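Engineer: Take this structure first; my questions come after.
The values are calculated or read from the model by the stated rules, or taken from the named source; none is laboratory data. Computed from a prediction, not measured in an experiment: that's the story for all the values here. A quick note on method: Cβ atoms are made from the backbone with ideal geometry, for glycine too, and the neighbour counts reach across all protein chains shown.
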Amino acid sequence: MKRLVQDLLADAVTRAWPDIDTADAPHVERTRDAAHGDFASNIAMTLTKTLRRNPREIAQTIIDTLTEDERIDRVEIAGPGFINFFLAPAAFRAAIDDVLAAGTAYGQSDTGAGQKIMIEFVSANPTGPLHVGHGRGAAVGDCLARLFEATGFEVTREFYYNDAGAQIANLAVSVQARAKGITPEDDAWPADGYRGDYIADVAAAYLAGETVAADDREVTGAADADNLDAIREFAVAYLRREQDADLKAFAVDFDVYSLESALYSEGRVERTVEALVAAGHTYEADGALWLKTTDFGDDKDRVMRKAEGGYTYFVPDVAYHVAKWERGYTRAINEQGADHHGTIARVRAGLQALAIGIPEGWPDYVLHQMVTVMRGGEEVKLSKRAGSYVTLRDLIDEVGRDATRYFLAARKPDSQQTFDIDLARSQSEENPVYYIQYAHARICSVLGQLQERGLDYSREAADLARLDSPHEQRLITAISRYPELVESAAADFAPQAVAHYLRDLADAFHSYYNAQQFLVDDAALRNARLALVFATRQVLVNGLKLLGVSAPEQM
RNA sequence: GCGCCCGUAGCUCAGUUGGAUAGAGUGUCGGCCUCCGAAGCCGAAGGUCGCAGGUUCGAAUCCUGCCGGGCGCACCA
């Protein structure tokens, strides 16, 4: 419908003023106030400059030029020059049948046209359990992935992790210490060793010769406390398995796991360095090899190869993104914590320096700000080393998967978030997610009542024209704008828009439910109301699915 | 010091890319179950959109400068 209005406007403008460029679709938006019609455009105001005429005059000319369409009831000028469109009642109600006909596909589009897109998210190092921040990344990243699937992209969810660097060496040393009976309180404990209890668990499993399966590998503990390589391999697999179990409990699945070590073993790191040198953007200084990232917008040059020989982490990072590009991902999104925002300029600079046709703004980044966890009125410090942080598992166990996912995705990623565990636990029944789920359960209950009374629902017997109350209008408007919501949430990387939309939809439904009886004797009216209510249920199901939240039939 | 993000009702947060009278939840106060689920609904109160300028028909939204909070500024990852 929105598209129809845009097309009509563009056509009218072109015919009224052939010189005006209408390549960009005219700005059309949903009205906030029903008195302003269903859609409004500010196009007349934006044309005042070029046409040097009063906006209301321009609006009038456009309206006079508009092609008649049976789906548009009337068009009015309002305020300083808005053009308000009022849909014809039949066209307005058509949304109900659109939903019922499309079912789970309602809201989906082919905007992406099958284009490949990769969303890399979580990407936690396997040095401990996932914490709340990872949970936010998982909720946001997975919701974005679902949004892109719904808008016709071919989506790959990818998890990248470092399985060989300094932090992993530290992990191995920590597990080894535990395996030898050393505890963090002992003098012999490694200086920066991971102190969490989970390290002891890993050590015990290793000594017991357990076999753990993670990603596409299987590792058996060698039970030898002196074999550091074996310990490292086992510890990584063990912790990856734990992380995956948490992610599974959170209903997040990845398609591909990429290992940093593979970038070395496949020669990608080496090739990237050679290519950067050949491109002429490197120099040697102080015994190290530098990349002139300042040529590409970074605020200082970066060391690629340290004086002692090893590469800095950013080299495999660039190599990894070259691999992404070569794998055909013309669109790539990296969802990560805002504390890593410094790497963005670096990675993009490295990719530009290679001059292999990668666009300047590639890849896209979605950064989520910190989650502050409150417990007992005090902030819980997030420290991997101390091992005293709140894990994703803690939240799932205490608050539930649905509420945790909803909360973590319902906030704009750019904003810091406070997650009060006590509040979430004690008031779990007042979480907005229950409000939405309750709307769904209520509709299912109506269906049950219908059957109990020996009645049948029939769309054919429904007279949708009877749906003329303000509550019904509001609900129809809500379901009809769902496809636009999905479209814009995907384009804006805005999972929170889905959460807030569902809140609004449930609100419109609950009001309707309290205001009007659905199961009335008048069959034409009853079936019309049921058609609307069942369409609402479908949109609730589809929207909750985007968030990865369940739609229970009973609560 | 430099860079990125944030500042909207007591609290937690939205705000359709610059639109019309700034909205929800929660909390407070007052109503609604003989009726499809009261995990619900209806109403009231609550605002200098951090502050000050600027841009224009029009600013919570864009620009500049301050103030406040967070996160980064390694030959760590």
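Engineer: How do the pairs read when you match residues in segment A:166-188 that are more than 23 Å from A:G310 (Cβ to Cβ) with residues anywhere that are part of a loop (DSSP other than H, G, I, E, B) and among the charged types (D, E, K, R), using Cβ under 8 Å and keeping only pairs 6 or more apart or on different chains?
Structural biologist: Qualifying pairs under 8 Å: A:P184/A:R195.
Engineer: Residues to consider are A:L66, A:L47, A:L100; find the one that is at pLDDT below 90 and in contact with a helix residue (DSSP H, G or I) (Cβ under 7 Å, 6 or more places away or on another chain).
Structural biologist: Details: A:L66 fails: at pLDDT below 90; A:L100 fails: at pLDDT below 90.
It is A:L47.
Engineer: Please tell me if A:L66 is within 11 Å of RNA strand B (Cβ to nearest atom), over 20 Å from A:L467 (Cα atoms) and either without any contact (Cβ under 8 Å) to a residue 60 or more places away in the chain or within 38 Å of the chain's Cα centre (by Cα) (or both).
Structural biologist: Judged against the criteria, A:L66 is not a match.
Engineer: Is there any pair linking a residue in segment A:541-555 that is within 13 Å of RNA strand B (Cβ to nearest atom) to one that is of a type in the set (D, E), with Cβ under 6 Å and at least six apart or on different chains, and which?
Structural biologist: Short answer, once both residue conditions are applied: A:S550/A:D402.
To keep it simple, each residue is scored yes or no on (1) within 9 Å of RNA strand B (Cβ to nearest atom); (2) closer than 20 Å to A:G361 by Cα; (3) among the β-branched types (V, I, T).
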position: A:A278; (1), (2), (3): no, no, no
position: A:T282; (1), (2), (3): no, no, yes
position: A:A288; (1), (2), (3): yes, no, no
position: A:L291; (1), (2), (3): no, yes, no
position: A:T294; (1), (2), (3): no, yes, yes
position: A:D301; (1), (2), (3): yes, yes, no
position: A:K306; (1), (2), (3): yes, no, no
position: A:E326; (1), (2), (3): no, yes, no
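Engineer: Every residue in segment A:55-90 that is over 17 Å from A:T31 (Cβ atoms) and aliphatic (A, V, I, L, M), please.
Structural biologist: Start the filter on segment A:55-90 by keeping residues that are over 17 Å from A:T31 (Cβ atoms), which leaves A:55-58, A:60-62, A:64-70, A:90.
Residues satisfying the conditions are A:I58, A:I62, A:L66, A:A90.
Engineer: Would you confirm whether or not segment A:330-339 contains a residue that is within 15 Å of RNA strand B (Cβ to nearest atom), without any contact (Cβ under 8 Å) to a residue 60 or more places away in the chain, buried (at least 16 other Cβ atoms within 10 Å of the Cβ) and among the charged types (D, E, K, R)?
Structural biologist: Taking every residue of segment A:330-339 in turn, none turns out to be within 15 Å of RNA strand B (Cβ to nearest atom), without any contact (Cβ under 8 Å) to a residue 60 or more places away in the chain, buried (at least 16 other Cβ atoms within 10 Å of the Cβ) and among the charged types (D, E, K, R).
Engineer: Kindly establish whether A:D69 is outside any loop (DSSP other than H, G, I, E, B) and surrounded by 14 or more Cβ atoms within 10 Å (Cβ to Cβ).
Structural biologist: Answer is no for this residue.
Engineer: Then there is this: Could you check segment A:21-52 and list, in sequence order, the residues that are of a type outside the set (S, T, Y), farther than 25 Å from A:L485 by Cβ, more than 6 Å from RNA strand B (Cβ to nearest atom) and surrounded by 13 or more Cβ atoms within 10 Å (Cβ to Cβ)?
Structural biologist: Selection gives A:A44, A:L47, A:L51.
Engineer: Looking only at segment A:72-99, which residues are within 10 Å of RNA strand B (Cβ to nearest atom) and outside any strand (DSSP E or B)? Spell out the reasoning first.
Structural biologist: Keep residues of segment A:72-99 that are within 10 Å of RNA strand B (Cβ to nearest atom), which gives A:76-85.
Selection gives A:G79, A:P80, A:G81.
Engineer: List every residue pair whose Cβ atoms sit under 6 Å apart, with the two residues 6 or more apart in sequence or on different chains, where the first one lies in segment A:401-424 and is modelled with pLDDT of 90 or more and part of a helix (DSSP H, G or I) and the second, anywhere, is away from RNA strand B (no atom under 11 Å from the Cβ) and hydroxyl-bearing (S, T, Y).
Structural biologist: Pairs that qualify, where the first residue is modelled with pLDDT of 90 or more and part of a helix (DSSP H, G or I) and the partner is away from RNA strand B (no atom under 11 Å from the Cβ) and hydroxyl-bearing (S, T, Y), are A:D402/A:S550.
Engineer: List the residue pairs whose Cβ atoms are under 8 Å apart, where the first residue sits in segment A:232-256 and is closer than 16 Å to A:I396 by Cα, the second is at pLDDT below 95 and aromatic (F, W, Y), and the two are 6 or more positions apart or on different chains.
Structural biologist: Short answer, once both residue conditions are applied: A:E242/A:Y198.
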